[in-house]
Amino acid sequence: MRFRIEVVRPERCIGCYSCVYACSRHLFNTVDPSRTAVFLRTEGSLANPFMPVTCRFCKTPECAEACPKDALQPLPEGGIMLITSRCEGCETFDCITACAIRALALDKKTKFPVICDKCGDCAKYCPHNVFKYEEMK
Amino acid sequence: MNSILYVDLTERSSKVIERPDLFSKYLGGPGVASKLIIEETKPGTDPFSPESPIIFAAGYLVGIFPCMVKTVAMFKSPLTKNLGESYSGGHLASALRFAGYDVLVVHGASENPVMIKIVDDDVKVERADSLWGLSPLDVEKTLREHYEGIQSVISCGRAGERLIYYGNVIVDRFHHFGRLGLGAIFGSKKLKAISINGTGEIPLEDPLAVKEMYKKLYDEVVNSENMLKYHNLGTSANVLELNERGALPSRNFKESRFRGAERISGEAMAESSLERKISCPGCPVACIHLAELKTGFAPEHEKGRKEIFSEKVLVPYNYEPMYALGSNLLINEPSHLLRLIYRCECLGLDAMMVGTVLAWVTEAFEEGIINLDDTLGIEPRWSDVGAYLQIIDNMVDLKNPFYTKLAQGLDVASEKYGGEEFAMIVGRNGLAGYATGYGTIAGQLVGARHSHLSNSGYSIDQMALNQPIGPEQIAKFLINQEDWLYVLYSLGTCYFARKIYTKEVVCEVLKIMGIDQTPEGLMQLGKEIFHNLYKFKIQEGFELTDQKIPGRVYSMQTPHKKLDAEKMQSIIKFYIHKRESEGLQLRPEEKALKELLSFEG
């Protein structure tokens, strides 16, 4: 079964970082707010609303197009798959900067981009249903 | 981990020291800080001297389990002249831990305004002349950036810069190191702000066990009734609850019910002003309630139409400022309450202490012990928000000798002008908003930081309504609470999560972290932390037996009727007796001996 995650109600976000921590625990077995595929952003002061960001699972992903080594393969259902043997962890950050909402980050330890594996933990650990996690039709 | 980052403002230098000895025994937070404050402070240090340290210690489990969010700040308090101990949530504890430190110690002082900027292992002391004089809210706007990881910005306001004894430090816009004057310590060091950005990891030894336990605790936090109150109305629900019980202080504790309670209740605020709720990183509760305060543009811009609200600000509110700047001052208009809170926020003042001071000023004026010459022509009257705002400003500006005394606390002001009877302080700190009975007063008197959160004394007053509880039981309750809360605070646990983290749960959680502990062992640890803190208090001249309780306490109405001074003394005596039987010497020896002879235990 194929699943998809979407940020549907960002205005509900309370800034608890439960999604970020859950993602980091799931993907890397650690707690690290910068090793994650879900991001919590604010603009300027914390008086401004939070903006949770995840991969948008684009049909024609710009990150994949930007990769000079074709390490990011577009998936038929949207989103990307990483072919680690091709990724050189290049420091030009082409894939990272290609994403307009900056939903991709380079993992500082593995030097690979962190790819959402659609586990749904961010949605599971959100107390206010900011995310929608559903099976793709 | 186990790392302490030392920053010296005089030398503009920093170093990191590993102290596994401290962390393995005392975990973190106040446990570790209780040792460091003694190590780092020469006895008798002037709070405002460069030698006076500030210690920020994050809890041991911050980032790892839900609701572990707290940092303690320890310092020498200008207000109490002994232990400064203050807790804050917000992003600080997580940012510090993700930057790779458990504790930050600040030493020295700068001649020019400076800020400390930390991005992981990059630590800088930078000039901050242009930030000096800005409100902490503007500092936060200025310094917050689009960093990776978690960033925390903390700053003092003009109150701290002017060394007001209860100037506070505002943490991430909506949280506070309140009460005992940390802002003034920042001011004395010319330290305007600290920004910490942490992008590293908190390594887990047994990630699978952490995940499993996290899920269990998260479900409990989110789905049980245990923390629901804090999310729904927050502690502001107390306004009506306490008013119904006749325990809501009003008119400087002369009354225990307030006719305007409904208008400034949590329910009314939620209806009229609540805009958002936010959380600390790692806590799914969102107990921080933010109200929208709307004000009009200046009349000249509106051509006389006053009803066009154009300026909006977010103001955090919870029960304590609602009592201190609301019911206790007979403020019954939500927007007036919010304006008073907001003024405290902008200046970086402890809202509770400001309320205590304003209530005393109003009564002192009524009683004729201060006059218009003292107040520079302002007539302080109950519920007069305009007068109160002017008094706050004059105090921060140290406008004349009267306002300068106010800025040093009510012990100083009432010593000069009189009115000790209704200066509602114990241990020099303003009383919290609970006219509930003996437990709350005794608890704040004996607590190491003279706070209602030292030992939850107000909660035994509630229990005592249903069954008779004697002085000895009250003293025992306070001690048990105190000891246990120091364990929770050392882990970084939010006070609101105390029902989630029972002794058994804490033992389970620590086991996952590789620490074998028993409930009894933990209580012993909590006791030791308390003893350490009291030793510091005593070293700095604090004597429990010398502490005065204002006369008003014995004339105020409580659900237990009027309080009896002898019973109160009896609770304190039992308390001292029990603490001394644990080996904590609370009094000079000859005094103790004399007391013991007359002690009827």
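Here are a few things to note about the model shown:
- Degrees, to the nearest 10: A:18-28 long Cα axis against longest axis of chain A: 30 degrees
- A Cα-only calculation for chain B places Rg and Dmax at 23.0, 76 Å.
- Estimated [θ] at 222 nm from DSSP helical runs (n ≥ 4, -39500 (n - 2.57)) normalised by residues in the protein assembly as shown, nearest 500: -10500 deg cm²/dmol
- Calculated from the alpha-carbon coordinates, the protein assembly as shown shows an Rg and a Dmax of 26.2, 87 Å respectively.
- Near B:PHE253, no amide H atom lies under 5 Å from its own; only residues 5 or more places off or on other chains count, and H is placed 1.01 Å from N.
- Solvent-free Debye scattering, log10 I(q)/I(0), computed from the Cα coordinates of the range B:429-598 at q = 0.13 Å⁻¹: -0.67
- Normalised by the number of residues in chain A, the average gap of Cα pairs under 8 Å and 6 or more apart makes the relative contact order 33 percent.
- When chain B is described by a simple charge dipole with +1 on each Lys and Arg Cβ and -1 on each Asp and Glu Cβ, the residue from B:ILE17, B:LEU242, B:ASN332 located farthest towards its positive end is B:ASN332.
- Charge dipole of the protein assembly as shown (Cα centre as origin; +1 on each Lys and Arg Cβ, -1 on each Asp and Glu Cβ, all else neutral): 760 debye, rounded to the nearest 20.
- Around the amide H of B:LEU349, modelled in the peptide plane, lie the amide H atoms of B:ASN168, all under 5 Å away and 5 or more residues distant in sequence or on another chain.
- Residues of type lysines that B:LYS277 reaches as a straight line, Cα spacing below 25 Å, ignoring anything fewer than 8 places off in the same chain: A:LYS124, A:LYS132, B:LYS70, B:LYS141, B:LYS215, B:LYS216, B:LYS229, B:LYS294, B:LYS312, B:LYS499
- Largest-first principal axis extents, alpha carbons of the range B:229-416, Å: 48, 47, 34
- The GluC sites (Glu not before Pro) of the range A:6-114 that meet both conditions, a loop assignment by DSSP and at most 13 other Cβ atoms within 10 Å of the site Cβ, are A:GLU43, A:GLU77, A:GLU88, A:GLU91.
- Size estimate for the range B:1-107 follows the Kirkwood approach: the inverse of mean 1/r over distinct Cα pairs works out to 13.9 Å.
- Here's the list of lysines a cross-link from B:LYS124 could span, going by alpha-carbon distance under 19 Å and ignoring same-chain residues fewer than 8 apart: B:LYS15, B:LYS189, B:LYS190, B:LYS192.
- By the count of neighbouring beta-carbon atoms within 10 Å, fewest first, B:THR41, A:THR60, B:THR502, B:THR71 end up ordered A:THR60, B:THR502, B:THR41, B:THR71.
- Close amide H pairs (under 5 Å, H built 1.01 Å from N) link B:VAL426 with B:LEU431, residues at least 5 positions away or on another chain.
- About the centre of its Cα atoms, the range B:3-198 shows a dipole size close to 500 debye [charges on the beta carbon of Lys, Arg (+1) and Asp, Glu (-1) only; nearest 20 debye].
- Think of the protein assembly as shown as a dipole: +1 on every Lys or Arg Cβ, -1 on every Asp or Glu Cβ, centred on the Cα centre; then among B:LEU533, A:GLY44, B:ILE38, A:GLY44 lies furthest on the positive end.
- Within the same chain, aspartates and glutamates fewer than 8 places from B:LYS511 are excluded, and of the rest, those with a Cα less than 16 Å from its Cα are B:GLU205, B:ASP206, B:GLU212, B:GLU520.
- Value of relative contact order over the range B:363-465, rounded to a whole percent, pairs C-alpha under 8 Å and six or more apart: 15 percent
- Applying a DSSP loop filter and a limit of 16 other Cβ atoms within 10 Å to the GluC sites (Glu not before Pro) in the range B:1-99 leaves B:GLU11, B:GLU51.
- Spatially, the range A:1-57 and the range B:10-26 are offset by 33 Å when compared through their Cα centroids.
- Net lengthening on full extension, B:ASN223/B:LYS548 (0.36 nm per residue, minus Cα-Cα): 112.6 nm
- Karplus-derived HN-Hα couplings along the range A:52-61 (A = 6.51, B = -1.76, C = 1.60, θ = phi - 60°), whole Hz, x at Gly and Pro: x, 10, 10, 4, 8, 6, 4, 6, 10, x
- Theoretical gain in end-to-end length, B:ASN400 to B:SER13 [0.36 nm per residue, Cα-Cα removed]: 135.5 nm
- Debye intensity ratio I(q)/I(0), log10, the range A:58-115, q values 0.16, 0.26, 0.29 Å⁻¹ (C-alpha model): -0.40, -1.11, -1.38
- Considering only beta bridges that DSSP places wholly inside chain B, some 85 percent are antiparallel.
- Here the dipole of the range B:429-598 is about 480 debye; that uses its Cα centre as origin and unit charges on the Cβ of Lys and Arg (positive) and Asp and Glu (negative).
- Converting phi to 3J(HN,Hα) with the Karplus coefficients 6.51, -1.76 and 1.60 and the offset θ = phi - 60°, the range B:274-289 yields 4, 10, 8, 10, 10, 10, 8, x, x, 10, x, 7, 6, 8, 7, 9 Hz in sequence order, with x at every glycine or proline.
- Inter-label distance, nm, simple model (7 Å from Cα along the C-beta direction), B:LYS215/B:LYS254: 6.0 nm
- Karplus-derived 3J(HN,Hα), 6.51/-1.76/1.60, for each residue of the range B:167-176, Hz, glycine and proline x: x, 10, 10, 8, 10, 6, 6, 10, 10, 9
No value in this document is a laboratory result; all are computed from the given coordinates. If you're wondering where the values come from, they're calculated on a predicted model, not measured in any experiment. Cβ sites come from the backbone with ideal geometry, for glycine too, and all protein chains shown count toward neighbours.
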